[in-house]
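Structure, as structure tokens:
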Amino acid sequence: MRQQALYEAKQLVFQKSSAVMSTLSHNLRGYPFGSVTPYMCDEQGRIYFFISDIAQHTKNLTHDKRMSLTVFDAAEQGDQNEHGRVTIVGDGSLVNQERSDSLINKYVALFPEAQSYRNAHDFNLWQLDAIRVRYIGGFGKIFWLEQEEWQQPAKQWDDEQELGMIEHMNADHQDAMSLILKQHYNLDDASPIMSGLLPQGFYLQSLKNNYYIAFNEACDSPMAVRKALVKMTQNARQNAS
């Protein structure tokens, strides 16, 4: 049950792209302050935000690093309580320059509109490291997930290899990605692009939206990624025929 809850919680975080960030207000001491923000999650479960120094939540974090992020599956109709939600409780910190450049490249690939923020001097990358995670998958499906459960091993390839895999897919295999997108989301797009890649899955960008597609199992090498994508393409072709 816990492993299934962990999997579902991670899938929800990977699938969504914005959430409610809660910080402790510096102006209204002791009161929580919520704001909506885009985010990016890496393979280890760390969350990243590209935010302005003048934003209220950033000012709050500079005085108190404690924060949370609530990701939820919005109900189109019916009872919202029947849908999953995840609250990641932890500490926020500025990402150092050594790591931030490559991470911002990945962030901009997911959110192209953030490129303009990159040229602004007051935008910086922040990181949320989980202390504990609350997952509710519906009525009676409630779990506290511990830090050691949430944190996953680092990917088994470097950023250069990752970029190479993404560029290869975008240059040579848009037809395959179009089939996969159709199979998983029933969307017709002849030219989607791969906008992100993790051991757990990948993102396809179509009509300014990102769509997360999970691998059947986590990939531990670039070769494993290749094999997984080939298999997914074959399955998509069979379903399309």
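The values are calculated or read from the model by the stated rules, or taken from the named source; none is laboratory data. Computed from a predicted model, the values in this text were never measured in an experiment. Heads up, the Cβs are rebuilt from the backbone with ideal geometry, glycines too, and the neighbour counts pull from every protein chain shown. Just the protein is used for accessible areas: all its heavy atoms, side chains included, with ligands, DNA and RNA removed. Shrake-Rupley method; radii C 1.70, N 1.55, O 1.52, S 1.80 Å.
Assorted remarks:
- Net charge dipole size for the stretch 30-81 [Lys, Arg +1 and Asp, Glu -1 on Cβ; Debye, nearest 20]: 360
- For the stretch 108-241, the gyration tensor built on C-alpha atoms gives an oblate shape. Its axis ratio a/c (a ≥ b ≥ c) is at least 1.5, and a/b is not larger than b/c.
- Rounded tilt (10° steps) of 2-15 against the dominant C-alpha axis of the chain: 90
- Nearest-20 debye value, the chain charge dipole, Cβ charges on Lys, Arg, Asp, Glu: 480
- Kirkwood radius and radius of gyration were both taken over the C-alpha atoms of the stretch 7-50, and their ratio Rg/Rh is 1.08.
- The relative contact order of the chain comes to 17 percent, based on Cα pairs under 8 Å that sit 6 or more residues apart.
- Three-way shape label, the stretch 1-103, alpha-carbon gyration tensor, a/c 1.5: oblate
- Nearest 10 degrees, 0 to 90: helix 159-172 Cα axis against the chain principal axis: 50
- Residue with peak Gaussian network fluctuation, the chain [Cα springs, cutoff 10 Å], from D172, D159, D129: D172
- The GNM of the chain, with springs linking C-alpha atoms under 10 angstrom apart, assigns the highest mean-square fluctuation among P38, P153, P112 to P153.
- Cα-based shape type of the stretch 46-199, given that a ≥ b ≥ c are square roots of the gyration tensor eigenvalues and the cut on a/c is 1.5: oblate
- Modelled FRET efficiency - R0 45 Å, D220 with R29, Cβ distances, 0.05 increments: 0.45
- Per residue value of the accessible surface for the chain (all protein chains in place, 1.4 Å probe), Å²: 55
- Exposure rule at most 16 other beta-carbon atoms within 10 Å, DSSP loop GluC sites (Glu not before Pro): the chain longest free segment: 77-216
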